[in-house]
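Student: I have a structure here, written as structure tokens, and I will follow up with some questions on it.
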Amino acid sequence: MRKLAAIYERKGALFVTAAHRTIAGFWIDDERVDTLDRPMPEDLGRAVEAALARSQDGVATPPPTARPDKPLLRAAGVSSWATFMKLSKHISVSLDGDVLKITPYRNLGGKEGFEPQPNVAVALPASASTLGTKLIEMLNEAE
């Protein structure tokens, strides 16, 4: 089973959350968002490993009126996705078997969201002790 975590950076703070695949097949962020203020690489690595452990497959598909971004917006102290997108960066970490894949995203603004940059994604062994350091490097690749 593939597991997924999302990491967002905004104004120096990092927001880490698990992602869950819905029954309909799309991914939504978890209600739990861990906020890290300028963390050490080891702390970031541990937070992402914990988020990956929480990631689930086959969760209920939310109704069209649901706002799965609310916990993230609340953690960031903003009231809208458009505001959150300003100055934000995003990377995802997937765990598929024994391989971690870190993918940076390009910020296209509040209407378009984030676009993956698969050409600069990196793969690591799942046991990589340098995960936190690599995550920080990849946040620098995100636009």
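The values are calculated or read from the model by the stated rules, or taken from the named source; none is laboratory data. Every value quoted in this text rests on a predicted model; they were computed, and no experiment measured them. No Cβ is skipped: glycine too gets one built from the backbone with ideal geometry, and neighbour counts run over all protein chains shown. Each accessible area value is taken on the protein alone, full model and side chains, heavy atoms only, with ligands, DNA and RNA left out. Shrake-Rupley method; radii C 1.70, N 1.55, O 1.52, S 1.80 Å.
Student: Show me the three semi-axes of the equivalent ellipsoid for the chain, from the C-alpha gyration tensor (sqrt of 5 times each eigenvalue), largest first, rounded to whole Å.
Tutor: Working: eigenvalues 90, 70, 41 Å².
Over the Cα atoms of the chain, the semi-axes work out to 21, 19, 14 Å.
Student: For the chain, give the share of DSSP beta bridges that are antiparallel, in percent and rounded to the nearest 5; count only bridges with both residues there. Walk me through the numbers before you get to the answer.
Tutor: Numbers: 35 of 37 bridges.
If we restrict to bridges inside the chain, about 95 percent are antiparallel.
Student: Still on this structure, I have one more. In whole percent, and with a 1.4 Å probe on the protein chains, what portion of the accessible area of region 21-143 is carbon and sulfur?
Tutor: On the way: 3650 of 7000 Å².
Ligands and nucleic acids excluded, carbon and sulfur reach 52 percent.
Student: Still on this structure, please answer the following. Let me know the volume per residue of the alpha-carbon convex hull for region 1-80, in Å³.
Tutor: Numbers: hull volume 6.6 nm³, N = 80.
For region 1-80, the hull spanned by Cα atoms encloses 82 Å³ per residue.
Student: At 1.4 Å probe size, with no ligands or nucleic acids counted, give the accessible surface of L131 in Å², nearest ten.
Tutor: 0 Å²
Student: Okay, next question. Under the 0.36 nm per residue contour assumption, what length would be gained going from the current alpha-carbon distance of T22 and D37 to full extension? Please list the in-between numbers first.
Tutor: Details: separation 15, 0.36 × 15 = 5.40 nm, distance 3.00 nm.
Stretched fully, the T22-D37 segment lengthens by 2.4 nm.
Student: In region 34-143, with Lys and Arg counted as +1 and Asp and Glu as -1 at Cβ, which of these residues, L72, V48, L95, has the Cα nearest the positive end of the dipole, that is, farthest along it?
Tutor: The residue sitting farthest along the positive end of the dipole is L72.
Student: Here is a follow-up. Heavy-atom accessible area of F26 with all protein chains present, probe 1.4 Å, nearest 10 Å²?
Tutor: Surface open to solvent at F26 totals about 90 Å².
Student: Quick one: 3J(HN,Hα) in Hz for region 80-91, Karplus 6.51/-1.76/1.60 with θ = phi - 60°, rounded, Gly and Pro as x.
Tutor: Whole-Hz 3J(HN,Hα) from phi for region 80-91: 9, 5, 4, 5, 4, 5, 5, 6, 9, 10, 8, 9.
Student: For region 102-108, take each phi angle, set θ = phi - 60°, evaluate the Karplus expression 6.51 cos²θ - 1.76 cosθ + 1.60, and give the result in whole Hz per residue in order, putting x for glycine and proline.
Tutor: Listing the rounded values in order: 10, 10, x, 10, 9, 7, 9 Hz.
Student: Take K134, K111, K101, K86 and sort them by solvent-accessible surface of the protein heavy atoms, 1.4 Å probe, largest at the top. Don't skip to the end; give the middle numbers.
Tutor: Details: K134 55, K111 200, K101 90, K86 135 Å².
Largest accessible area first, the residues go K111, K86, K101, K134.
Student: Moving on to the next point. Provide the per-residue ³J(HN,Hα) series for region 45-53, in order, calculated from phi with Karplus coefficients 6.51, -1.76, 1.60 and θ = phi - 60°, each as a whole number of Hz, with x at glycine and proline positions.
Tutor: In residue order, the calculated couplings are x, 5, 5, 5, 4, 5, 5, 4, 5 Hz.
Student: Further question on the same structure: Please compute P(r) over all alpha-carbon pairs of region 67-122, binned at 10 Å starting from zero, and give each bin as a whole-number percent.
Tutor: Distribution as computed: 22, 44, 28, 6 percent.
Student: Take the chain, connect every pair of alpha-carbon atoms lying under 10 Å apart with a spring to form a Gaussian network, then pick out the residue of V48, V33, V78 with the largest mean-square fluctuation.
Tutor: V78
Student: Sequence gap at least 6, Cα distance under 8 Å: using those rules, report the relative contact order of the chain to the nearest whole percent.
Tutor: Details: 298 pairs, mean separation 37.0, N = 143.
It comes to 26 percent, rounded to a whole number.
Student: Which far-off residues, 5 or more places away or on another chain, put their amide H under 5 Å from the one on E31, with H placed in the peptide plane?
Tutor: Answer set, sorted by chain and number: none.
Student: Okay, next question. Evaluate the charge dipole of region 12-143 about its Cα centre and quote only its size in Debye, nearest 20, assuming +1 on the Cβ of each Lys and Arg and -1 on the Cβ of each Asp and Glu. Before the final figure, lay out the partial values.
Tutor: Working: 14 positive and 17 negative charges, 77 e Å.
That gives region 12-143 a dipole magnitude of about 380 debye.
Student: In Å², and per residue, what accessible area does the chain have when probed at 1.4 Å with the other protein chains present?
Tutor: On the way: 7600 Å² over 143 residues.
Here the residues of the chain average 53 Å² of exposed surface.
Student: A follow-up question, please. Starting from the Cα of K134, draw a straight line to each of the aspartates and glutamates and keep only those under 12 Å, dropping any in the same chain fewer than 8 residues away.
Tutor: Result set, ordered by chain and number: E42.
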